[in-house]
1. Please go through the range 50-98 and give me each residue that is in contact with a helix residue (DSSP H, G or I) (Cβ under 9 Å, 6 or more places away or on another chain), small (Gly, Ala, Ser) and assigned to a strand (DSSP E or B), ordered by number.
2. Check every one of the strands (runs of 3 or more DSSP E) wholly within the range 1-45 and list those with 3 or more residues that are buried (at least 19 other Cβ atoms within 10 Å of the Cβ).
3. Output the strands (runs of 3 or more DSSP E) that fall wholly within the range 187-282 and possess 1 or more residues being at pLDDT 90 or above, or say none.
Amino acid sequence: MYYIGVDLGTSAVKLLLMEESGKICNIVSKEYPLFFPHPGWSEQNPEDWFTQSVEGMKELTEGIDRSQVAGIGFGGQMHGLVTLDKDDNVIRPAILWNDGRSQKETEYLNNEIGKDKLSEYTANIAFAGFTAPKILWMRENEPDNFNKIQKIMLPKDYLAYKLSGTFCTDYSDASGMLLLDVKNKCWSKQMMEICGVSEEQLPKLFESYEVVGTLKEDIAEELGLSKEKHTTDDMMFTLETVSCLGACGLAPVMTVNDVVHPAMTPEKVTALIAELKEGANE
């Protein structure tokens, strides 16, 4: 099996292809533009991230059996604001982590709402790079765009959404938005009220290691990858078929972590999985 890692950076998307053993098979980097429309501003077009990521994955997987790609993982630049409308169109260029336009909103949050309250709500104080001040800036300076918002997401989560259709983020990145109640691992009602947004506009929260979805059919077809899940949601089991294990006399055979299990039946498989799960939980 192969796995793809995607690092959505500020200057380029870096992609890595790795075997399950940890062996690195290929690395590809695809650049995209960065815009500074005013002093202190920093923006990118989310569509560029997606286009270059797709092209990068095609190049990354050249020469391998693409049906054996079992998973894609995402990481990348934090804090940025990506907004989509009711038709899933990008409303405006993404406001990035290094954008300083929201200094006024940051001061409002720290001084008017108060650092103590912010810490109580989110375990953080406000910085201009965080997502919440950007939302306040958009509400104040681009009210028409603000009123179109149906989905708010971080840069890497835009990639996950375009590839899988799952509106998601992980707790780690969400903690840098100044919208997450870190203590209770949910969106902060107080911060949503302050920013004028609803929970429906915010992504579903996942642990970083959880499976969030599978490739959309058209994306899987374009990339030549399987849209089927190879790995269980708890990340314990990945199923791989092989042409020969060199143990025909023991067939039907399974190997789990290099241990051979002969003369398997559906009932034996079920019992083995239960045993392995129990052992993992001890």
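1. Listed by number, the residues that qualify are Gly75, Gly76, Ala94.
2. So the answer is 2-8, 12-19.
3. 204-206
The values are calculated or read from the model by the stated rules, or taken from the named source; none is laboratory data. Note that the structure is predicted; figures quoted are calculated from it, not measured. Cβ sites come from the backbone with ideal geometry, for glycine too, and all protein chains shown count toward neighbours.
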